Amino acid sequence: MSIDSYNRGSQQYTGVINPDSDIRVGTRDLQADPGTYTWSNLSDNQDAPTNACTITVTEQGNTLNVQVITTTGTVVETFCSVPGNQLVCNDPWTPVNPQPPV
């Protein structure tokens with residue numbers, strides 16, 4: 001299992017990998033009280049890894065970058081667009097290039 005969060009202004013983005021290596025990213029409003037999460041299942045995206053073990057989320061402009069490392073050491077990533085405070089996560093997963101040294 002793994003979790004990572006990123007806050008931008010009043011929005012929070014959280015990436016989670018559950019025990020089944022299911023990959024999800026959620027968003028919620030933090031103002032005035034933290035709201036409920038809206039979750040996107042990234043395990044359904046093309047070429048999603050089935051053995052993800054650690055996740056990280058970062059944001060630049062209106063793009064959320066989600067990266068995971070697998071149990072075999074491969075780093076893969078996908079991108080979500082962030083129109084307003086919503087997430088649109090349907091890009092395929094791709095290996096980063098080059099991969100980190102072994």
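Bear in mind these aren't lab numbers, they're just calculated from the coordinates by the rules spelled out. These numbers come from a predicted model, not from an experiment. A quick note on method: Cβ atoms are made from the backbone with ideal geometry, for glycine too, and the neighbour counts reach across all protein chains shown.
Counting only other residues whose beta carbon sits under 14 Å from that of TYR13, what net charge do I get with K and R as +1, D and E as -1? Please report the intermediate quantities before stating the final value.
Values: positive: ARG8, ARG24, ARG28; negative: ASP4, ASP29, GLU59.
Local net charge: 0.
Report the net charge of residues surrounding THR71, where surrounding means a beta-carbon distance below 15 angstrom and charges are Lys +1, Arg +1, Asp -1, Glu -1. Could the numbers behind the result be given before it?
On the way: positive: none; negative: ASP20, ASP22.
Counting the neighbours of THR71, the net charge comes to -2.
Express in % the proportion of alpha carbon pairs of the stretch 6-90 at distances exceeding 20 Å. Walk me through the numbers before you get to the answer.
Details: 1065 of 3570 pairs.
Everything past 20 Å amounts to 30 percent.
Is there a quick way to get the dipole size of the chain? I mean about its Cα centre, with the Cβ of Lys and Arg at +1 and of Asp and Glu at -1; what is the value in debye to the nearest 20?
Result for the chain is approximately 140 debye, rounded to the nearest 20.
Sequence gap at least 6, Cα distance under 8 Å: using those rules, report the relative contact order of the chain to the nearest whole percent.
Numbers: 228 pairs, mean separation 21.3, N = 102.
In percent, rounded to a whole number, it is 21.
Looking at the chain, which Cys residues are left with no other cysteine's beta carbon under 4.7 Å from theirs?
CYS53
Tabulate in residue order the Karplus-calculated ³J(HN,Hα) for the stretch 85-91, using 6.51 cos²θ - 1.76 cosθ + 1.60 with θ = phi - 60°, rounded to whole Hz; enter x for Gly and Pro.
With the stated coefficients, the stretch 85-91 comes to 10, 9, 10, 10, 10, 9, 6 Hz.
Starting with the highest mean, order 31-38, 68-75 by the number of other Cβ atoms within 10 Å, averaged over the residues of each peptide.
Values: 31-38: 10.6, 68-75: 15.5.
Per-residue mean Cβ counts within 10 Å order the peptides as 68-75, 31-38.
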